[in-house]
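Novice: Have a look at this one.
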Amino acid sequence: MIPSPNLKGLGLHLARPKSQRGELSETMPKRGKLARGRWWARWRIYTRQADGRETAKRAEKIIDRALAEQIGFALDYDGPLNKTDARKILENLIRESNARPAAFNAKVTFGELAREYIELNRPNWEASTSRVNVQIIEDHLVGKLGGRGVRDFANAESDLQHFLNTYVEKQCSKSLLSKLVTFLRAVFNLAVDKGLLERNPARKLRGKSKKRSSNLSHTLEECDRLLAHVSDADHLVVRILIQLGPRSEEVIALRRKDVLPHGLLIDEAIVDGETKGTKTLASTAVMYVPPDLELELRHYLQGLADGPDGWLFPSSRKGIAVRPGNFLNRVLKPAALLAGVSVRTSSKGKLTSALNYQSLRRTSSTLFGAKAKDPKSTQLHMRHADPTITLKVYQQAVPAEVKAAALALEADLLEQKRRREAENAEVRIV
């Protein structure tokens, strides 16, 4: 009996035309419109397996003038790449990737693929997020794995886990470990999409940080000692941080017009030198300012020469606000060290203080919460995110419970100051 032919395998080994135009667009799916002169390209890479079967994988790339010059494409004009030339470059990429698929796949390094991942995702990242993400990918991934070919990772699950374990042993933060795992998986997902790998070797990576989360906050006595070692504008900033608990980027964004009767308007933040809205809708609010703090604020305002839009805490350089990092390192930490607040030895063997903006915000929440009657008042005081709160929140009256707790906290701080001054007076008399 003659066996029936395998119809499914018919023509399996026959060559087929690979003509394709690919896709070219100004917009990336789920990422939005690209900058002028940048184009999102997508095409297929065909690969023949050992058994003769042919598979097709999607490849994608950002095409711009820099890529054109890199591959030696001659442009007779200045400025952004036009769509006609972008189409020609795409056609060249299609020919190259399918004419010699083995060579094309073999020459791609992890570093090249990681940088391509950056270019694909940069349009969807905020400026500050982009800076952090790029630095992590370049320093920790490209810097240590960049020279290896992507195909070398085909069965390297244990190598990647060992690589991650070195960061665990160094007690790296939970945030860094999470980003390393995320970026490794994402880069190798791109490798799978481009047909460079059959499966993602980073899909089962795990990294649990051994570093303990900081819950540092400061006592009422420590706050008093800290305030005793600062003066003038610095004293006012520290009082605002302790009593009102704003974020550092919100304090430096305060303007003269934000000082209201019995309140301080928080509606801006400065991130990486750029003025933006607050972190969440709930963060935009008028914070109740107790009487003694308001008195110090009003007295301070009398010495400022700028108009209503001028910065409340200007830098020594005219026209710009004070920088949070400079204020932390030049004012807060030296004052905390002199006051004996959270003193520790640094990795370089020098005495320093663990005090920072997060610990002061945590302190404000802790001290205020001890005076508040319910957690809701503390949430309103700290302006934690709440989807029901809108930008009109700053037009609402301050709840009586929040005002009462703020007054009680200020009374405690003033009483602590009075005791310290009385003790110092007794010492002088003796």
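Only the coordinates and a few stated rules stand behind these numbers; no lab work does. Being a predicted model, the structure only gives us computed values, none of them experimental. Glycine also receives a Cβ, built like all others from the backbone with ideal geometry; neighbour counts cover every protein chain displayed.
Novice: Which distance in Å, rounded to a whole number, links the C-alpha centroids of the range 59-84 and the range 233-289?
Specialist: 45 Å
Novice: Normalising by the residue count of the range 109-213, find the relative contact order in percent from Cα pairs under 8 Å and 6+ residues apart.
Specialist: 34 percent
Novice: Just want to confirm a number: the relative contact order over the range 255-335, from Cα pairs under 8 angstrom separated by 6+ residues, in percent.
Specialist: In percent, rounded to a whole number, it is 28.
Novice: Say R0 is 30 Å: what FRET efficiency, to the nearest 0.05, do Asn82 and Glu274 get from their beta-carbon distance?
Specialist: 0.45
Novice: With a 10 Å cut-off between alpha carbons and a GNM built on the chain, which of Thr284, Thr363, Thr55 moves the most?
Specialist: Fluctuation is largest for Thr55.
Novice: Right, another one. On a 25 Å Cα-Cα criterion, which of the cross-link pairs Lys210/Lys371; Lys179/Lys333; Lys174/Lys279 come out too long?
Specialist: Lys210/Lys371; Lys179/Lys333
Novice: A further question on this structure: Convert each backbone phi in the range 270-277 into a coupling constant with the Karplus relation 6.51 cos²θ - 1.76 cosθ + 1.60 (shift: θ = phi - 60°), then list the ³J(HN,Hα) values in order as whole Hz, x for Gly and Pro.
Specialist: 10, 10, 6, x, 10, 7, 9, x
Novice: Related question: Less than 18 Å apart at the alpha-carbon level, and either on another chain or at least 8 residues along: which lysines does that give for Lys57?
Specialist: By straight Cα distance, Lys57 reaches Lys18, Lys107, Lys194.
Novice: Give me the Debye-computed log₁₀ of I(q)/I(0) at q = 0.10, 0.12, 0.21, 0.22 Å⁻¹ for the range 109-213, equal point scatterers on Cα only, no solvent, two decimals.
Specialist: Treating every Cα as an identical point scatterer, log10 I(q)/I(0) equals -0.26, -0.38, -1.15, -1.24.
Novice: Given the options Leu113, Leu190, Leu67, state which has the largest fluctuation in a GNM of the chain using a 10 Å cut-off (strictly under) for Cα springs.
Specialist: Leu67
Novice: Can you give me the relative contact order of the chain as a percent, contacts being Cα pairs under 8 Å and 6 or more apart?
Specialist: 12 percent
Novice: With the chain treated as a Gaussian network of Cα nodes joined by springs under 10 Å, which of Thr219, Thr129, Thr345 yields the largest mean-square fluctuation?
Specialist: Thr345
Novice: If a/c stays under 1.5 just call it rounded; otherwise compare a/b with b/c (prolate if a/b is bigger, oblate if not). Do that for the chain, with a ≥ b ≥ c from the square roots of the Cα gyration tensor eigenvalues.
Specialist: Prolate.
Novice: Explain nothing, just compute: Karplus ³J(HN,Hα) = 6.51 cos²θ - 1.76 cosθ + 1.60, θ = phi - 60°, for every residue of the range 79-91 in order, whole Hz, x for Gly and Pro.
Specialist: Karplus-based 3J(HN,Hα) across the range 79-91 equals x, x, 5, 8, 5, 4, 6, 4, 5, 5, 5, 4, 4 Hz.
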